[in-house]
Amino acid sequence: MPYMACTLDELPPLHVLIAAPRGFCAGVDRAIQIVELALEKFGAPVYVRHEIVHNRFVVDRLRELGAVFVDELDEVPDDRPVVFSAHGVPKSVPAAALDRGLSYVDATCPLVSKVHRQAERLIADGRHIVFVGHAGHPEVIGTFGQVPEGSMTLVETIDDVAGLAIPDPANLAFLTQTTLSVDDTAGIVAALKARFPDIRVPRSEDICYATSNRQAAVKAIAGQCDRMLVIGAPNSSNSQRLAEVAERMGAPARLIERATDIDWDWLGQPSTLGITAGASAPELLVREVVDSLRKRFEVTEEETNHSPERMVFKLPRELVA
Ligand code: SF4
């Protein structure tokens, strides 16, 4: 239904169903704290290689505190510390920092590091690795950078599996990016197992708890929603997946960075609107969206809680000692 302007005393009703869990995960929380603690310990400026997490609001706030975001290590002055982002970095990056005598703090999420260590073990075992992920994503670049060139092959779709040319299929294993669609990945993994029955399966799921919980929370409410807003950055893999999950469940969805991005014509006048937020989007942005809705609708809010999260990751010793 198209959006119809109303006077203030006759705002149309809108039920807002807010998914939980949503927003910050333990890895993002830790990465942001690492930059804040590095600023406290070393003073500004602290350099950060790449966006610490995929969220402009988070990056801008840290920039105001004295963080300087750069694309490559050679932009970091010799006498300043550098933080590596939550997505992980190829081994060559800390090695280059050591060569230059730079102080660095690694904010790679421990769940991404876990995949890095699995990759190393599989290569030591003589396996070739099929990696399920999205080409060009920093996490994929970081994971490929843990193993010798040519020892890992990327697949993005089921069709890619059919086209794989593997010299020794008896010595194959697969790993996945942490922020994929749970459903799409299950399809790709089924295709891998069908084509390579001996392929070694990871001991535990690589898609992280935060990604799967946020997708499950969207699935739990999407059927009741006429529209869904996903708050997150356009380059955030887990946020993109949340919008896809909602659409597949029949709820037309839009990925927005913040309230000013709401397309009111597209939104129309739904009776129930779902809201969620990707793992790198702060709760403040959710509140901003709800406040903005309140200016046009008589909002009633309901929060669902699919699976409460208690995950906390330890901070690096060099910052808390
Ligand atoms: S989304 Fe998952 S892998 Fe990525 S930082 Fe959060 S917990 Fe870690």
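List of remarks:
- Largest mean-square fluctuation among ASP160, ASP79, ASP261, in a Gaussian network model of the chain whose springs join Cα atoms under 10 Å apart, belongs to ASP79.
- Kirkwood hydrodynamic radius of the chain, Cα pairs, Å: 21.1
- In the chain, a dipole from Cβ-located charges (positive for Lys and Arg, negative for Asp and Glu) runs towards its positive end, and of VAL182, CYS225, VAL245 it is VAL182 whose Cα lies farthest in that direction.
- Carbon-plus-sulfur accessible fraction, the stretch 186-321 (probe radius 1.4 Å, protein heavy atoms only): 49%.
- For the stretch 81-95, 3J(HN,Hα) computed residue by residue from phi via the Karplus equation (6.51, -1.76, 1.60; θ = phi - 60°) reads x, 10, 10, 9, 6, 5, 6, x, 10, x, 4, 5, 6, x, 5 Hz, glycine and proline entered as x.
- Accessible area of ARG195 in the full protein assembly, 1.4 Å probe (Å², nearest 10): 110
- Under-5 Å amide H pairs with ILE231, H placed in peptide plane, nonlocal only: ILE256, THR276, ALA277, GLY278
- Of THR176, THR304, the residue with the largest accessible area leads and the full order is THR304, THR176 (1.4 Å probe).
- Full-extension gain in nm, ASP79 to GLU318, via 0.36 nm per residue minus C-alpha separation: 84.3 nm
- Note on surface exposure: LEU175, LEU111 rank LEU111, LEU175 by accessible area, highest first, 1.4 Å probe.
- Three-way shape call for the stretch 120-277 based on the alpha-carbon gyration tensor, with the a/c threshold at 1.5: prolate
- Largest mean-square fluctuation among GLU64, GLU156, GLU302, in a Gaussian network model of the chain whose springs join Cα atoms under 10 Å apart, belongs to GLU64.
- Taken as Cα centroids, the stretch 174-208 and the stretch 212-271 sit 25 Å apart, rounded to the nearest whole angstrom.
- With an a/c value of 1.5 or above and a/b larger than b/c for the gyration tensor axes a ≥ b ≥ c computed over the alpha-carbon atoms, the stretch 199-298 is described as prolate.
- Share of carbon and sulfur in the accessible area of the stretch 126-169 stands at 57%, probe radius 1.4 Å.
- Remark: the stretch 213-311 carries 42 Å² of accessible area per residue (probe radius 1.4 Å; ligands, DNA and RNA excluded).
- Linear extension gain, GLU72 paired with SER151, 0.36 nm per residue minus alpha-carbon span: 26.0 nm
- Amide H contacts of VAL299 (H built 1.01 Å from N, under 5 Å, at least 5 apart or other chain): LEU14
- Here the stretch 25-115 exposes an accessible surface that is 49 percent carbon and sulfur, computed with a 1.4 Å probe and the other protein chains kept in place.
- Shape class of the stretch 1-116 from the Cα gyration tensor (axes a ≥ b ≥ c, square roots of the eigenvalues): prolate, since a/c reaches 1.5 or more and a/b is larger than b/c.
- Projecting the Cα atoms of PRO270, ILE166, SER92 onto the dipole axis of the chain, where Lys and Arg carry +1 and Asp and Glu carry -1 at the beta carbon, places ILE166 farthest toward the positive end.
- Check: the stretch 89-168 dipole with +1 on Lys, Arg Cβ and -1 on Asp, Glu Cβ, in debye: 340
- The spacing between the stretch 17-71 and the stretch 79-137, judged by their C-alpha centroids, is 18 Å.
- Taken about its Cα centre, the stretch 35-88 carries a charge dipole of roughly 240 debye when the Cβ of each Lys and Arg holds +1 and the Cβ of each Asp and Glu holds -1.
- Multiplying the residue separation of ARG100 and ASN235 by 0.36 nm and subtracting their alpha-carbon distance yields 45.5 nm.
- Of all the options LYS295, LYS193, LYS219, the one that moves most in a Gaussian network model of the chain with Cα springs shorter than 10 angstrom is LYS295.
- Test item: Cα-centred dipole of the chain, Lys/Arg +1 and Asp/Glu -1 on Cβ, debye: 820
- With all protein chains kept in place, the per residue accessible area of the stretch 1-128 amounts to 46 square angstrom at a probe of 1.4 angstrom.
The values are calculated or read from the model by the stated rules, or taken from the named source; none is laboratory data. None of the values given here were measured: they were computed from a predicted structure. Cβ atoms come from the backbone with ideal geometry, glycine included; neighbour counts cover every protein chain shown. For the accessible areas, the whole protein counts, side chains as well, though only heavy atoms, and no ligand, DNA or RNA atoms are used. Shrake-Rupley method; radii C 1.70, N 1.55, O 1.52, S 1.80 Å.
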